Structures are given as structure tokens and as C-alpha cells.
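The values are calculated or read from the model by the stated rules, or taken from the named source; none is laboratory data. Keep in mind the model is a prediction, meaning the values are calculated, not measured. Methodologically, a virtual Cβ is constructed for each residue, glycine included, from the backbone with ideal geometry; neighbour enumeration extends over all protein chains shown. What goes into the accessible areas is simple: the full protein's heavy atoms, side chains included, and nothing from ligands, DNA or RNA. Shrake-Rupley method; radii C 1.70, N 1.55, O 1.52, S 1.80 Å.
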Amino acid sequence: MTVTAQPAVGEEALPGATGPTPRRRTGRVRRIALPYLLLLPALLLELLVHLVPMVIGIVMSFKELTQFYIRDWGAAPWAGFDNYSLSVDFDAPVGEALLHSFFVTCAFTVLSVGLCWLLGTVAAVYMQETFRGRGFLRAVFLIPYALPVYAAVITWAFMFQRDNGLVNHVLHDQLGLTDSPSFWLIGDNSFVALLVVSVWKGWPFAFLIVMAGLQNIPKELYEAAAIDGAGMVQQIRRITLPSLRPVNQVLVLVLFLWTFNDFNTPYVLFGQAAPEAADLISIHIYQSSFVTWNFGTGSAMSVMLLLFLLVVTGIYLVLTSRGRRAADV
């Protein structure tokens, strides 16, 4: 028995039609195309803001682009891979300085991400307990994350001043921990100052993410562990950390990318010329491009930084996915 399509209200059945009417097909196409049409403005903005400058930067890395070609950078002569060769020639001054900046950035990123995660996790676990003033403390903890970066870092720059800064006033004048006021924005202490500011403004994000992840852990697990005699340390080790593994994997990756690419913090704290001890790779690329006016070399360094972050991210995702599969088995 052949079943023919019945016309909908307000539609006329076509003679001999056995499938959807043209009007129904049009409605189905509109429903399918609607999500893509809604995403189209965001995709166009993403293309203009990120992808187009990225492609232009890659093209610039293959050109001998200096201050003589700023008005017409398309007329700059092709340099091939000379900019890349110069950047990775670690026996030359340019490559040696880039390698030093890379090591400084790696050390800074490891310490900053580790301290942000540790402080955020400890604070989030502590805030799980109910006590008077918990809501107030949660709001206070999120203030560094909510403040504008420039306003916060400028405040820290004033606090790190040698003669009238709050840090030296407390450490030297009040506590007497130093023989003389320290220089925090130059010399070796600049790395410590940069790390303090980075952790101060970054750990509330870790606190917020971990606190949200803790809400998904059933309280019955802690109650059962307490009945079995497990202490707080054992509960954190056996329940909290394994349950937070998916959250921590994403959190660590995001913190790593943010910290390794951080430009605003060192630029506002030290200006265009960061001290050698705090010469992060983002500031180093900026100096190579906009201070020495060698945009070709700076673009080559940016492309290599992009490739490095892509490789590290890919390896991290592969290792974490394998770890999840092994845990599920």
C-alpha cells in the first residue's frame, strides 16, 4: 500500500507527490542554515581580528622588513628563511638573546602556573566549608581577577618603588628583613616582582574554576570516607584531586597559554625595556619589532612562538587524553 504525503494546513497537494512539498523543504533548509547564519558575524570578526593579521605576520617573517619599508611593506625584499636562521643562531647575539628570553619565560610560566593552581586549589577547598563570612571572602578573593590589568599592575609598580614603595616600607622599615631598600623593578629582583604580580592577578581564576569543579563532587563520598576513618589529607588525595582531574587539565592548559603569552604585565610593570632577569619572550619580540624596527625578525620570532605553543598544546592534549583513557580502564 502506497502512502502519499498529506498536505499541511494552507498548502495544496501536488498531483502525484509522494515526498515533502517545496515549502517544507524551504523551511527545513532555513532551520539548518539558521545556526550558521547566526555564527557568521562572529566568524567574520574572528577572521578580521585574528586570522588575517596572522597570515600577514607569516608573510612579513619572510621579508626583510625594516623601518625603510614601513610606508610600503609590500615592497620589502624577500629574505626567505634568513630571519628564522638569524633567530635560531644561538651563537649570534640575536639568537642568544632569544634563547635567554625563552628560558626566562619557561621558568616564569612554570612557577606562575604552579603557584596559581596551588593557591587557587587550597582556597577553593577551604571555601567548601560553611562558616561566617564565607561569601565576603569569596568576593575579596576575586577582586584581583576583576580589576583591570593596567590599573592593577600600575598600582604594583608604585608599590615596588625603591624609595617610597609599600613593599620596601614593610620589608625594610617595619620588619627590618633587608639591610637596605631593594630595587624591585631592575636587576635580579625584577623576576620576583613580575612573578608576584602574575600570581596575584592569576590565582583567583584558578580559585573560581576549581571551586566550580568542586560543586560536582557528591558530599556522600566525603561522608563515607570520614566513616571509614579517612582524614582530610586522604580525602583530598583520594577523592578531591582525582575528581578534579578533568577540570585541572583544562585549567593548567589555559593558565599556561595565558602566562606564556603575557605581554601586558611586564610591559606596564617595566616599560619597553624589561630587565634581563624578566625579559619574557613577548616583550623580547616587541623590542625586536618596534624598538629595533626589524619587523621581519620579530615576525619570524612570533611565528616560531606560535608553532611552539601549538606543539606543546598538542602533546599536552594527547598525554591527557591517554591518561583519561587509562583511568577509565
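Scanning region 80-133 for residues that are β-branched (Val, Ile, Thr), surrounded by fewer than 18 Cβ atoms within 10 Å (Cβ to Cβ) and part of a helix (DSSP H, G or I) yields Val88, Val110, Val122. Going by the conditions given, is Val125 in contact with a Leu (Cβ under 9 Å, 6 or more places away or on another chain) and either at pLDDT 90 or above or farther than 19 Å from Val197 by Cα (or both)? Against the criterion (in contact with a Leu (Cβ under 9 Å, 6 or more places away or on another chain) and either at pLDDT 90 or above or farther than 19 Å from Val197 by Cα (or both)), Val125 qualifies.
Among helices (runs of 4 or more DSSP H) entirely within region 215-329, having at least 3 residues that are at pLDDT below 90, open to solvent by 30 Å² or more (accessible area, probe 1.4 Å) and not acidic (Asp, Glu) singles out 219-227, 232-235, 295-328. Every listed requirement among (1) in a helix (DSSP H, G or I); (2) open to solvent by less than 50 Å² (accessible area, probe 1.4 Å) is met by Tyr150 save one, (2).
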